[in-house]
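The values are calculated or read from the model by the stated rules, or taken from the named source; none is laboratory data. Treat the numbers as computed from the prediction; the structure is a model and nothing was measured. Glycine gets a Cβ as well: all are built from the backbone with ideal geometry, and neighbour counts include every protein chain shown. Just the protein is used for accessible areas: all its heavy atoms, side chains included, with ligands, DNA and RNA removed. Shrake-Rupley method; radii C 1.70, N 1.55, O 1.52, S 1.80 Å.
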Protein chains: 2
Amino acid sequence: MTAEIISIGDELLIGQVVNTNASWISEQFNNAGIKISRINTIADEKIQILSALKEASERAYIILITGGLGPTKDDITKAALCEYFGTKLIFESSVYENIKNLFKKRGFKIGELNKKQAEVPESCIPIENIHGTAPGLWFEKEKVIYVSMPGVPYEMKQMVKDYIIPELLKLFSPGAIVHKTILTQGLPESLLAKKIESWEDNLPGNIKLAYLPSPGTVRLRLSATGRKEPELERQIINEITTLKKIIPGIIFGYDNDRLYEIVGNMLREKNLTVSTAESCTGGYIAHLITSVAGSSDYFKGSVVAYSNEIKESLLGVQHQSLINFGAVSEPVVKEMAMGIKNKMRTDYTIATSGIAGPGGGTEDKPVGTTWIAIATPTKIISKKFMMGDHRERNIKKTAMTALNMLRKELQA
Amino acid sequence: MTAEIISIGDELLIGQVVNTNASWISEQFNNAGIKISRINTIADEKIQILSALKEASERAYIILITGGLGPTKDDITKAALCEYFGTKLIFESSVYENIKNLFKKRGFKIGELNKKQAEVPESCIPIENIHGTAPGLWFEKEKVIYVSMPGVPYEMKQMVKDYIIPELLKLFSPGAIVHKTILTQGLPESLLAKKIESWEDNLPGNIKLAYLPSPGTVRLRLSATGRKEPELERQIINEITTLKKIIPGIIFGYDNDRLYEIVGNMLREKNLTVSTAESCTGGYIAHLITSVAGSSDYFKGSVVAYSNEIKESLLGVQHQSLINFGAVSEPVVKEMAMGIKNKMRTDYTIATSGIAGPGGGTEDKPVGTTWIAIATPTKIISKKFMMGDHRERNIKKTAMTALNMLRKELQA
């Protein structure tokens, strides 16, 4: 059973907004066993919407539409849907009640614009929007199901999870497909591909492999298709067992695991704490760690020491070390790791110092030169990396590399 | 002159990778005056690629293809292109020279896999890839131009900027379209829409308005179409002048301005410095500020004080204030702002303390309760916000709100 997504919005076509809705929906549907075969991103124009609907209905049985249901005047999806389904807008009191309650809760007065949002196409089933004023719209026509959702991510997400996927699963029992993604850190794509080449060549015919590189990580996705899920899962587990022996230490997790969450869970389980002393990463490691709910259980804090002055005054880095070796050096990054340990009294610490670029490079220390140190309860390790020449990627790579170094120490 | 994008990759359809390439390309082409009318995201399957090419060629004159040109075995774009154009792969020595040089520069040995990358379809013009091994491929067929690019973002970006757009502009002189995006902070979408309703109603017919909300920001995009660019630009400037009077203080910038970059430039121009003391934002404000190259000119550092202990020991927050008022309170956030000022000796400071959620809320202080303080050379201001109930959004909204508070102080 395949589905297509139609993402409506001029903002997506002029590059102002990245289509994260489509990728989120794709992930949820795949996990539910419904394959997304195509994403069509089109403009806020009635004629485009009408032709995209028609084309998609010739290829897929489920059509998921996002965008264009808001109260503002650039939204024309509802009008296009009425025309496509040959129906008209009617006032729906249950939708209006939901809008009124929402406004009451937020302490706002309800406006005329919002009353218009309670109008829905007569032939649809409205879907409750818990977080917002625009309801979802569910249509069926010639054996094809169409679901129109708001473009606001958290409104759309709640609808998909709580209503749309459960309803679709009642109607269809999809064929088996199992995806498993192996997350790696520490080898660039081409070296990784070389190392696992013979493993890849020997994969069974029903298993497909894809490489997904991003700064500091390469993800390997295995997709197995067949009749029975447990069988496919067993097949995949076998392949991963073989792979683990070929690249030990490189695999840090699976699927949606996030390295900073894995590290956090390890710390929590062992009742340990961490803090960071960041120069080139500028607080990004602290941000990643604290983006996880409950991170206060193991994260005490961070000192972002961007200037040398602060490295000395807040982290106790020796003036002489800065003079003799420079801020991007092994002695300084080690002193940073020990300095934050003294200040925050945590079991582990991470310290980073590097030249993120684009400026600041020298012949001895070109842009990308980065030192990372990890202090553990018993020792301090440090390592130098050449990250490359792109600021944003350097920051991300450094963060991922540092977190994986910490993970390995926690595992040891 | 309109173009379509075909994004190839299973990873995009199972939601593992967000299609940032398509939005970046869209932005570049729009800025060059070539409208992207549709983005087609499809699977790594030959049959899908062939039909997407055919369909797009019936609607557009320029077709931009990304993905599937890498050395790994999941890539089949090149084979599909050969079939579509009725041509075959030939070894191209100029491409091989480029690959050899690239490997030499990185100190790697060239492999067999890489030699295959020097094979290109006979009927295409290969496009040099400065940053990677897979060349771009330029085809022309029945007055339609097809350009196939690698999916690796920085390889693709260099090709688009340095070769593809300049070549296309030589061939076409597109009709005038001017986009201008107004960036606002401080009013939620519905209140903003209400305030500017009559301005919106009075916009000239050739100007379209769209609302683009994201956590902490609402962007208003004006798109004017017509014959002459200078005329359209004048029209838009007039409309913005009117709008500024309706929502003073709310507009912080235009187009790709980033609030943290604007604030950084204001600091640099006035030769002033800033530091942050972050609790609920966990280093995110420091990360935003340091994501800008050259931020060390005005940013000294940050203390992320996630635990109360660190708020006391590193920021000098009074134990009694934490006991009497709690960490999320006006006295504490003010003490944090003053504490970081003492430690870092900067002209301005930002402090945040809030309950990001999902846990930690109480009846008095529900999830989303957030205090922000800004210390200036002469005073300290503080304000309470109710951010909502979503952790990630709360962190982002708090960061944007704090940066806008600082911007207003710098402007005053």
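Only one entry of A:248, A:230 meets the criterion of being surrounded by fewer than 20 Cβ atoms within 10 Å (Cβ to Cβ), assigned to a loop (DSSP other than H, G, I, E, B) and not assigned by TED's automatic domain parsing to the domain that holds residue A:344, and that entry is A:248. Residues of the stretch A:285-325 that are away from every other protein chain (no Cβ under 14 Å) and either buried (at least 18 other Cβ atoms within 10 Å of the Cβ) or of a type outside the set (S, T, N, Q) (or both): A:319, A:321, A:322, A:323, A:325.
I'd like to know if the stretch A:389-401 contains one or more residues that are in contact (Cβ under 8 Å) with a residue 12 or more places away in the chain, more than 22 Å from residue A:287 (Cβ to Cβ) and of a type outside the set (A, V, I, L, M). So far as the stretch A:389-401 goes, yes, one or more of its residues are in contact (Cβ under 8 Å) with a residue 12 or more places away in the chain, more than 22 Å from residue A:287 (Cβ to Cβ) and of a type outside the set (A, V, I, L, M).
Kindly list the number of the only condition in (1) among the β-branched types (Val, Ile, Thr); (2) more than 14 Å from every other protein chain (Cβ to nearest Cβ); (3) open to solvent by 10 Å² or more (accessible area, probe 1.4 Å) that fails for residue B:328. For residue B:328, the failing item is (2). Selection of helices (runs of 4 or more DSSP H) fully inside the stretch A:271-354 by the criterion of at least 2 residues being touching a strand residue (DSSP E or B) at 6+ places or on another chain (Cβ under 8 Å) returns A:284-290, A:308-315, A:330-344. Just one of the listed residues (B:92, B:140, B:97, B:112) is acidic (Asp, Glu) and closer than 25 Å to residue B:23 by Cα, namely B:140.
Considering the stretch B:260-284, and only residues there that are surrounded by fewer than 19 Cβ atoms within 10 Å (Cβ to Cβ) and without any contact (Cβ under 8 Å) to a residue 24 or more places away in the chain, the residue that is farthest from the other protein chains (Cβ to nearest Cβ) turns out to be B:269. Does residue B:37 fit the bill of being farther than 20 Å from residue A:15 by Cβ and open to solvent by 10 Å² or more (accessible area, probe 1.4 Å)? Here the answer is no, as residue B:37 does not meet what is asked.
Within the stretch B:18-34, the set of residues being open to solvent by 30 Å² or more (accessible area, probe 1.4 Å) and either over 27 Å from residue B:227 (Cα atoms) or at pLDDT 95 or above (or both) comprises B:18, B:20, B:24. Residues that are within 14 Å of chain A (Cβ to nearest Cβ) and in contact with a strand residue (DSSP E or B) (Cβ under 7 Å, 6 or more places away or on another chain) do not occur anywhere in the stretch B:235-250.
Of the residues examined, residue B:126 is not one that is assigned by TED's automatic domain parsing to the domain that holds residue B:159, touching a Cys at 6+ places or on another chain (Cβ under 8 Å), closer than 28 Å to residue A:200 by Cβ and surrounded by 11 or more Cβ atoms within 10 Å (Cβ to Cβ). Residue A:410 - would you say it is in contact with a Leu (Cβ under 8 Å, 6 or more places away or on another chain) and not aromatic (Phe, Trp, Tyr)? So residue A:410 passes the test.
Residue-wise test of (1) open to solvent by 40 Å² or more (accessible area, probe 1.4 Å); (2) more than 14 Å from every other protein chain (Cβ to nearest Cβ); (3) of a type in the set (A, V, I, L, M, F, W, C); (4) under 17 Å from residue A:279 (Cβ atoms).
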residue: A:350; (1), (2), (3), (4): no, no, yes, yes
residue: A:370; (1), (2), (3), (4): no, yes, no, yes
residue: A:373; (1), (2), (3), (4): no, yes, yes, yes
residue: A:387; (1), (2), (3), (4): no, no, yes, yes
residue: A:398; (1), (2), (3), (4): no, no, no, yes
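Give the residue that is farthest from residue B:79 (Cα to Cα), with candidates limited to residues of the stretch B:130-140 that are open to solvent by less than 60 Å² (accessible area, probe 1.4 Å) and within 14 Å of chain A (Cβ to nearest Cβ). Applying the filter and picking the extreme gives B:132. What number of residues within the stretch A:190-243 satisfy the criterion of being in contact with a Gly (Cβ under 9 Å, 6 or more places away or on another chain) and more than 28 Å from residue B:114 (Cα to Cα)? Here the count works out to 6. Condition check: modelled with pLDDT under 85 and either more than 16 Å from residue B:25 (Cβ to Cβ) or of a type in the set (A, V, I, L, M) (or both). Does residue B:186 satisfy that? Judged against the criteria, residue B:186 is not a match.
Counting the residues of the stretch A:89-108 that are over 21 Å from residue A:76 (Cβ atoms) and modelled with pLDDT of 75 or more gives 10. Does the stretch B:85-92 include one or more residues that are surrounded by 24 or more Cβ atoms within 10 Å (Cβ to Cβ) and more than 11 Å from chain A (Cβ to nearest Cβ)? No.
Looking at B:189, B:197, just one residue is within 11 Å of another protein chain (Cβ to nearest Cβ), of a type in the set (Asp, Glu) and under 21 Å from residue A:16 (Cβ atoms), and that residue is B:189. If you filter the stretch B:155-208 down to residues that are closer than 23 Å to residue A:13 by Cα and of a type in the set (Phe, Trp, Tyr), you find that the one that is farthest from the chain's Cα centre (by Cα) is B:172.
Looking across the stretch B:376-409, the residues that are within 18 Å of residue B:340 (Cα to Cα) and of a type in the set (Gly, Ala, Ser) come down to B:382, B:399, B:402.
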